[in-house]
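Report on the structure given below.
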């Protein structure tokens, strides 16, 4: 069985980390894998270095009757990749690229499996999955996401095709270098007595980085020696403007005590250096940052954020959504109690390793591939 994993991403963070692990581990289950990426970058290099067949094949395009060529070209490129790799299944890693993938799969006669990466609304699902372009499998990354999306998805894709397939980490590779903590704290200029708080996320309104900046300001005002770090970059023009505003806000409230690090890869050293990871997001369909923090034994304080409380388990202190007073109180409590931080860190690691080991996900994914491959095609 040969599977083509298609993604628009070029980076190794977030959901691409799961895709990279699938590509590396699926051959153990007699699944030959090839990958297409949106452009060259860290993900392309990592796959190439691992000996995984990979090519650049952008798949982010939308049909336009007045100018159909970009969309048609994307479909033809992906179809050509399917044929070139001899793939018998197509798995697209982001459902917002389903439009191109569904046409390419139909053109080449291969089944399509699609991953849902955010919470779609009913109108969008009707447009995305209209007949005859419903996928053979629709994967959700958390129980929360599946339940929240059900009303929008079910009219277009029957529940019999839904599967819960969470993101995960390879715990034999990720979170194994806790000895880097002292080195990375030195790189960040942190003294032994300074508490480091961090956010790892793209810059967007949904992530509510402004809550984090105000949190650092309040903690410093109460006399705690804390510093904040934001690891992530904007992806859209409006987010670039937001980043500039956030930097101005931080400079006015806390000066140099909040630093914007931009995109950081590998990310593990940051979690080792931080004492607490903060998630202020309004909604996450999975919460990769939370899982990565727990894998590095970094406790989390968070808003519920959709699935964040589901993923965080006993390693996260969850406070009411957008309640900055509660966020402050619980974070201060952890800043002042190193023993509690260690307890949360260990509980969170055990929960993450037990529930989100990528090897379990890969085994499930291989079974789904085999089942879909056996189904008759119209």
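A few comments on the model shown:
- Over the chain: helical MRE at 222 nm, DSSP H runs n ≥ 4 each giving -39500 (n - 2.57), nearest 500: -13500 deg cm²/dmol
- Within the range 251-307, the ratio Rg/Rh, alpha carbon atoms throughout and Rh by Kirkwood, equals 1.00.
- Overall form of the range 204-274 per C-alpha gyration tensor (a/c, 1.5; a/b vs b/c): oblate
- Taking only the Cα atoms of the range 312-359, the ratio Rg/Rh comes out at 1.07, with Rh defined as the Kirkwood radius.
- The residues 127, 22, 162, when put in order of fewest to most other Cβ atoms within 10 Å, stand as 127, 162, 22.
- Stokes-Einstein D for the range 17-56, Kirkwood Rh over Cα pairs, 4 °C, 1.567 mPa s (µm²/s): 128 µm²/s
- Centre separation in Å (Cα based) which lies between the range 292-340 and the range 171-228: 13 Å
- Centroid-to-centroid, using Cα positions, the range 251-282 and the range 19-71 are 30 Å apart.
- Relative contact order computed over the range 232-378 (Cα-Cα under 8 Å; 6+ residues apart), in percent: 18 percent
- The value given for the chain is a Kirkwood hydrodynamic radius of 21.6 Å, derived from the mean inverse Cα-Cα separation.
- DSSP assigns beta bridges within the range 178-355; of those with both partners inside it, close to 5 percent run antiparallel.
- The alpha carbon gyration tensor of the range 28-176 gives principal lengths a ≥ b ≥ c with a/c of 1.5 or higher and a/b no greater than b/c, which makes the shape oblate.
- Proxy reagent accessibility, fewest Cβ within 10 Å first, across 20, 265, 284, 245: 245, 265, 20, 284
- Distance in nm between pseudo-label sites at residue 49 and residue 123 (7 Å out along the Cβ direction from Cα): 4.5 nm
- Note on residue 32 and residue 178: with the Förster distance fixed at 30 Å, the Cβ-Cβ geometry gives a FRET efficiency of about 0.25.
- Distance distribution P(r), the range 1-116, all Cα-Cα pairs, bin width 10 angstrom from 0: 15, 51, 29, 4, 0 percent.
- Length gained on full extension, residue 337 to residue 354, computed as 0.36 nm times the residue gap minus the Cα-Cα distance: 3.5 nm.
- Rounded, prolate or oblate (a/c below 1.5 giving rounded, otherwise prolate when a/b exceeds b/c) for the range 178-355 by Cα gyration tensor: rounded
- Exposure proxy order (Cβ contacts within 10 Å, fewest to most) of 1, 146: 1, 146
None of the figures in this text is laboratory data; all of them are computed from the coordinates on show. No experiment lies behind these values; they were computed from the predicted model shown. In this analysis, Cβ positions are derived from the backbone assuming ideal geometry, glycine residues included, and neighbour counts consider all displayed protein chains.
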